[in-house]
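Working notes, beginning with the structure itself.
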Amino acid sequence: MALVLGYPIAIYAALAWFEPRVIAAALLAFLLLRWRGRAGSLVQGFSWTSRVIIVGMLLLCLAALLANDEVLVRLYPATVSAALLMVFALSLAYPPPLVERLARLQHPDLPAEAVPYTRTVTVIWCVFFALNAAVSAWTAAYASREVWAVYNGFLAYIAMGTLFGVEWLYRRWHFPHART
């Protein structure tokens, strides 16, 4: 997990010493080892979605390897956000929404008034992941390595944490019974 979170910083440092194809090969090996045997359980209830995500990530790494293209290596965080957008958006199309599924893990008897709220929060996360994927892709294609690393290795996580924190505070205020 630390490698996934630290990907932009690790890639920034590695690009100083290695060609993009070497980094892409290492990432491809990492993905194959990490996801081998776990592909079906990555996203419960979306087996075809998890396969699409895995194949997409592997194809991106393979393309970066073959093309020796730094931009393709740097597109990985944008691809992760796009994959998360796909998972959240599909849960809206095939209910219950992902946030409701997660909420029911802690509160199986989720109050009826919380269900529309979980749908709204799922939509908000969809917007976040769409914007994050767009900014991440832009930094990969047009920004310097430094700007790309700062955005994808720091600012995107700050934005995600802020959204999570604000939603958590609002939920505790709006649904006082959720505090327990």
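The values are calculated or read from the model by the stated rules, or taken from the named source; none is laboratory data. Computed from a predicted model, the values in this text were never measured in an experiment. Neighbour counts run over all protein chains shown; Cβ positions are idealised from the backbone, glycine included. Side chains included, ligands, DNA and RNA excluded: accessible areas come from the protein's heavy atoms. Shrake-Rupley method; radii C 1.70, N 1.55, O 1.52, S 1.80 Å.
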Taking the options 87, 80, 121, 147, name whichever one is modelled with pLDDT of 95 or more, surrounded by 12 or more Cβ atoms within 10 Å (Cβ to Cβ) and closer than 25 Å to residue 8 by Cβ.
147
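Do you know which residues across segment 54-77 are of a type in the set (Gly, Ala, Ser) and surrounded by fewer than 22 Cβ atoms within 10 Å (Cβ to Cβ)?
Taking segment 54-77 first, the residues of a type in the set (Gly, Ala, Ser) are 56, 63-64, 67.
Matches in segment 54-77: 56, 63, 67.
Would it be correct to say that residue 150 is hydrophobic (A, V, I, L, M, F, W, C), over 16 Å from the mean Cα position of the chain (by Cα) and farther than 18 Å from residue 53 by Cβ? Walk me through how you get there before you give the answer.
On the way: hydrophobic (A, V, I, L, M, F, W, C): yes; over 16 Å from the mean Cα position of the chain (by Cα): yes; farther than 18 Å from residue 53 by Cβ: yes.
Yes.
For the structure I just gave you, tell me whether residue 130 is surrounded by 13 or more Cβ atoms within 10 Å (Cβ to Cβ) and under 19 Å from the mean Cα position of the chain (by Cα). It would help to see each step written out before you state the result.
Details: surrounded by 13 or more Cβ atoms within 10 Å (Cβ to Cβ): yes; under 19 Å from the mean Cα position of the chain (by Cα): yes.
Against the criterion (surrounded by 13 or more Cβ atoms within 10 Å (Cβ to Cβ) and under 19 Å from the mean Cα position of the chain (by Cα)), residue 130 qualifies.
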So which residues in segment 107-118 are in contact (Cβ under 8 Å) with a residue 12 or more places away in the chain and open to solvent by less than 40 Å² (accessible area, probe 1.4 Å), if there are any at all?
111, 114, 117, 118
